[in-house]
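Participant: Pasting in a structure now, in structure tokens, and then I'll have a few things to ask.
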Amino acid sequence: MKHIICAIVENRPGVLALVSGLFSARGFNIDSLAVGETEDPELSRMTIVAEGDEFVLDQITKQLRKLIPVVKVQDISSRDHVERDLMLIKVAAPADKRGEVLDVIQVFQGKVVDISQEDLIVEVSGPEGKVEAFIRLMRPYGIKEVARTGRIALLRTPK
Amino acid sequence: MFGIPGGVVIPIFDALYDAPLKLILTRHEQAAAHAADGYARASGRAGVCIATSGPGATNLTTGIATANFDSSPVVAITGQVKTALIGNDAFQEADTIGITRSISKYNCLVRRVEDLARTIKEAFYVATTGRPGPVVIDLPVDVSLAMLDGEPDKTIMLRGYKPPGEGNPKQIRLAADVINAAARPVLYVGGGVIISGASQELYQLAKAMTAPVTTTLMGLGAFPQDDPLSLGMLGMHGTVYANRAIMQADTIVAIGARFDDRVTGRTDRFNPSAKIVHIDIDPSSISKNIKVHVPIVGDAKQVLSELIKHIQPTDRSAWLKQVEDWKKRYPLKYKDHGKLKPQYVIQQISAVSTDDTIICTEVGQNQMWTALWYTFKKPRTLISSGGLGTMGFGLPAAMGAQLARPGALVLDIAGDGSIQMNIQELATVATYNIPVKVAILNNSCLGMVRQWQELFWNKRYSHTIFNHNPDFVKLAEAYGVKGMRITERDQVRDALEEAIRHPGPVIMDFRVDPAENVFPMVPAGKSLDEVMEGLA
């Protein structure tokens with residue numbers, strides 16, 4: 001099963017290598033990893049999507065907690081949370097197909113962020129399934145390049 | 001403090017020139033790290049080693065990894081090229097932080113002199129608290145040359161580091177309930193008990209429970225082996241009775257141990273029906289290899305002193321009688337005739353030692369024979385590379401231990417293979433007259449690998465037989481160290497006594513039977529009840 005692990009870490013050089021090194025050294029599989037500064041500039045949030053059974057996930061979170069620059073670790077997958085992937089995708093959109101492509105973009109609430117004679121760059125964000133579906137629908141038109149961020153997620157405040 | 005100077009650490013060594021700090025100059029950086037480790041293990045205080053950038057730092061790494069695996073508080077200071085040159089492939093540059101990341105508890109590159117005092121304070125704090133371990137401070141030469149204006153800031157700022165506090169009282173009570181209901185309990189004790197200083201509490205617990213005690217290699221000395229409840233070491237080369245007891249127990253109380261593969265054998269057959277209580281300061285050790293029923297995260301000394309209060313006296317005489325029967329039926333044994341036997345040498349070492357003698361070992365057969373045939377009675381009297389299994393550890397570790405405990409007799413039990421991996425340290429022991437006694441169990445081969453080749457690889461002795469060994473007596477003398485050769489059984493005792501009487505370091509070259517193997521043995525990957533008892 002896929003898990004989303006949020007790690008709050010000290011925002012300084014070497015910490016990303018420390019965390020990714022832990023995953024490779026201990027043979028844990030990592031699907032995606034996104035890092036960015038938090039509301040506190042001294043801390044970064046790492047959102048890690050990793051696969052494994054309960055046993056493996058238990059070890060991953062314990063080993064992460066053991067790292068000195070790691071301040072807090074949560075496996076949030078089983079709790080109420082919001083998660084998003086962000087994608088920039090360059091799609092072939094010649095004049096005769098452009099209308100169709102724009103229709104699909106609209107349905108996905110995507111944003112056209114660049115436009116040229118031959119193609120468009122579209123920004124799509126949402127849960128992984130939505131992003132994957134958009135890719136699937138764009139395939140017949142010709143996908144030229146894709147850039148994805150990896151998952152980011154936050155726990156909802158209990159109401 | 002142990003180390004070797006080099007280009008980028010000259011400013012530090014210049015400060016040491018007239019500082020009230022004693023530095024022991026070793027002959028190889030690896031030995032400096034092991035010596036700091038030996039000092040730490042003998043004393044419980046942090047040991048310090050220092051080396052230059054590049055090759056100096058890479059030479060330290062084996063020692064850092066050794067300390068890391070066995071949870072030993074070592075602070076390693078490495079020189080680094082100027083901050084402006086880092087990453088430019090400067091002379092003697094290595095990415096020390098990158099290299100030591102996975103083999104240290106913590107590491108840190110100091111980029112500004114303002115951070116130096118705080119970083120050093122943090123290094124000692126991290127190294128010595130919680131589950132101890134090595135910390136690396138990488139120090140660029142421009143930082144060590146810089147002058148600081150004003151008072152240094154020493155406030156520890158580690159938001160992510162909180163050593164575990166006291167064990168959860170509810171879990172402790174739950175553990176006591178499990179223990180009180182047990183008919184066949186065994187205490188399985190690792191190095192954590194020694195590090196925590198919990199031997200006294202362990203002794204009280206064992207007596208309160210009337211439960212037999214088996215230890216790992218790292219746990220030897222945590223419980224007196226001359227006590228009737230002692231089962232000696234368990235695992236691959238454990239005693240048959242310790243392995244029987246752990247396999248047939250209905251309750252296993254693991255304390256400061258991590259269920260590693262040399263202890264458990266095949267994990268799916270490691271006593272699947274026993275209830276397991278696990279006390280450990282490192283949460284990641286719990287349920288890593290074997291599923292645990294009652295985990296308690298905390299310091300062994302604190303948890304045990306609480307746990308004892310809840311133990312009820314229970315009649316376990318039938319279980320103890322069973323264990324006694326196993327001890328009688330499956331004693332440790334070897335054939336003591338023909339050539340000089342290594343086990344006999346160790347028995348004699350044990351006989352001439354006091355309870356406070358510190359035994360260091362190298363790695364391999366010498367280490368396992370020591371674990372089986374020496375009677376350890378007190379904590380911190382065995383210093384051995386357990387997790388990493390580093391050959392060449394013993395002699396430099398013995399130097400460190402001797403400096404930590406100047407009054408104690410410190411002996412390194414070595415093999416002829418291992419001793420040659422840091423033999424250059426004879427120069428260090430001679431220079432400072434560090435009076436360690438080295439007993440080489442010389443079988444002219446890499447004995448443990450040879451044993452595996454004999455038993456599991458059709459006696460194809462690929463590159464394990466030394467056709468040419470140095471004359472260790474002459475070698476010792478060349479370094480200015482007393483050398484002795486012992487070939488006969490009846491010379492052993494006298495030779496040991498002579499060596500102990502000698503005020504300086506001694507090398508004893510015991511020419512032992514090259515065909516002798518370590519038994520009992522559970523082959524790798526087998527269950528603990530599939531034991532090879534040996535030929536005797």
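Participant: For segment B:440-450, does any single residue satisfy the condition of being in a helix (DSSP H, G or I) and surrounded by fewer than 21 Cβ atoms within 10 Å (Cβ to Cβ)?
Facilitator: yes
Participant: OK, next. Being surrounded by 18 or more Cβ atoms within 10 Å (Cβ to Cβ), touching a Lys or Arg at 6+ places or on another chain (Cβ under 8 Å) and of a type in the set (A, V, I, L, M, F, W, C) is the filter here, so list the residues in segment A:10-34 that pass it.
Facilitator: Matches in segment A:10-34: A:18, A:34.
Participant: Next question, about the same structure. Please identify the pairs in which a residue from segment A:60-89 that is without any contact (Cβ under 8 Å) to a residue 40 or more places away in the chain and at the interface with chain B (Cβ under 10 Å from one of its Cβ atoms) has its Cβ atom under 8 Å from the Cβ atom of a residue that is surrounded by fewer than 17 Cβ atoms within 10 Å (Cβ to Cβ) and part of a loop (DSSP other than H, G, I, E, B), counting only partners at least 6 apart or on another chain.
Facilitator: Note: pairs meeting the criteria are A:68/B:158.
Participant: Against the condition aliphatic (A, V, I, L, M), assigned to a loop (DSSP other than H, G, I, E, B) and either over 24 Å from residue B:437 (Cα atoms) or assigned by TED's automatic domain parsing to the domain that holds residue B:411 (or both), how does residue B:499 come out, does it pass?
Facilitator: Considered against the rule, which asks whether it is aliphatic (A, V, I, L, M), assigned to a loop (DSSP other than H, G, I, E, B) and either over 24 Å from residue B:437 (Cα atoms) or assigned by TED's automatic domain parsing to the domain that holds residue B:411 (or both), residue B:499 comes out as no.
Participant: Sticking with this one: Quick test of your reading of the structure: residue B:182 fulfils all but one of (1) touching a residue at least 60 places away in the same chain (Cβ under 8 Å); (2) in a loop (DSSP other than H, G, I, E, B); (3) among the hydrophobic types (A, V, I, L, M, F, W, C); (4) in contact with a helix residue (DSSP H, G or I) (Cβ under 6 Å, 6 or more places away or on another chain). Name the failing condition by number.
Facilitator: (4)
Participant: Of the conditions (1) more than 14 Å from chain B (Cβ to nearest Cβ); (2) within 19 Å of the chain's Cα centre (by Cα), residue A:113 fails just one. Which one is it?
Facilitator: If we test residue A:113 against (1) more than 14 Å from chain B (Cβ to nearest Cβ); (2) within 19 Å of the chain's Cα centre (by Cα), just (2) comes out false.
Participant: A follow-up question, please. Pull up segment A:1-49, narrow it to residues that are in a strand (DSSP E or B) and in contact with a Pro (Cβ under 7 Å, 6 or more places away or on another chain), then point me to the one that is nearest to residue A:80 (Cα to Cα).
Facilitator: The residue in question is A:9.
Participant: Moving on to the next point. Among the numbered criteria (1) modelled with pLDDT under 95; (2) hydroxyl-bearing (Ser, Thr, Tyr); (3) within 24 Å of residue B:361 (Cβ to Cβ), which one does residue B:267 miss?
Facilitator: (3)
Participant: Taking residue A:46 as the residue in question, decide whether it is in contact with a Ser or Thr (Cβ under 9 Å, 6 or more places away or on another chain) and either of a type in the set (A, V, I, L, M) or without any contact (Cβ under 8 Å) to a residue 60 or more places away in the chain (or both).
Facilitator: No.
Participant: Could you please find all residues in segment B:330-358 being over 21 Å from residue B:491 (Cα atoms) and in contact (Cβ under 8 Å) with a residue 24 or more places away in the chain?
Facilitator: Hits for segment B:330-358 are B:330, B:332, B:333, B:355, B:356, B:357, B:358.
Participant: Turning to a different aspect of this structure: Among the residues that make up segment B:407-417, is at least one of them among the acidic types (Asp, Glu) and within 18 Å of residue B:450 (Cα to Cα)?
Facilitator: yes
Participant: Next question. What residue, of B:157, B:147, is more than 14 Å from chain A (Cβ to nearest Cβ) and surrounded by fewer than 21 Cβ atoms within 10 Å (Cβ to Cβ)?
Facilitator: On inspection, the qualifying residue turns out to be B:147.
Here's the yes/no breakdown for (1) surrounded by fewer than 20 Cβ atoms within 10 Å (Cβ to Cβ); (2) in the same structural domain as residue B:405 (by TED's automatic domain parsing); (3) modelled with pLDDT of 95 or more; (4) small (Gly, Ala, Ser):
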site	(1), (2), (3), (4)
B:9	no, no, yes, no
B:44	yes, no, yes, yes
B:52	no, no, yes, no
B:71	no, no, yes, yes
B:79	no, no, yes, yes
B:91	yes, no, yes, no
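Participant: If we scan segment B:106-122, do we find a residue that is under 25 Å from residue B:193 (Cα atoms) and either more than 12 Å from chain A (Cβ to nearest Cβ) or at pLDDT 95 or above (or both)?
Facilitator: Checked against the condition, which is being under 25 Å from residue B:193 (Cα atoms) and either more than 12 Å from chain A (Cβ to nearest Cβ) or at pLDDT 95 or above (or both), segment B:106-122 yields at least one hit.
Participant: Could you grab me the full set of residues in segment B:245-289 that are out of contact with any Asp or Glu (no Cβ under 8 Å at 6 or more places or on another chain), on the phi > 0 side of the Ramachandran plot and away from chain A (no Cβ under 14 Å)?
Facilitator: Residue satisfying the conditions is B:271 alone.
The values are calculated or read from the model by the stated rules, or taken from the named source; none is laboratory data. Keep in mind that what you see is a predicted model, and the values were worked out from it rather than measured. For neighbour counting, all protein chains shown are included, and Cβ atoms are generated from backbone atoms with ideal geometry for every residue, glycine included.
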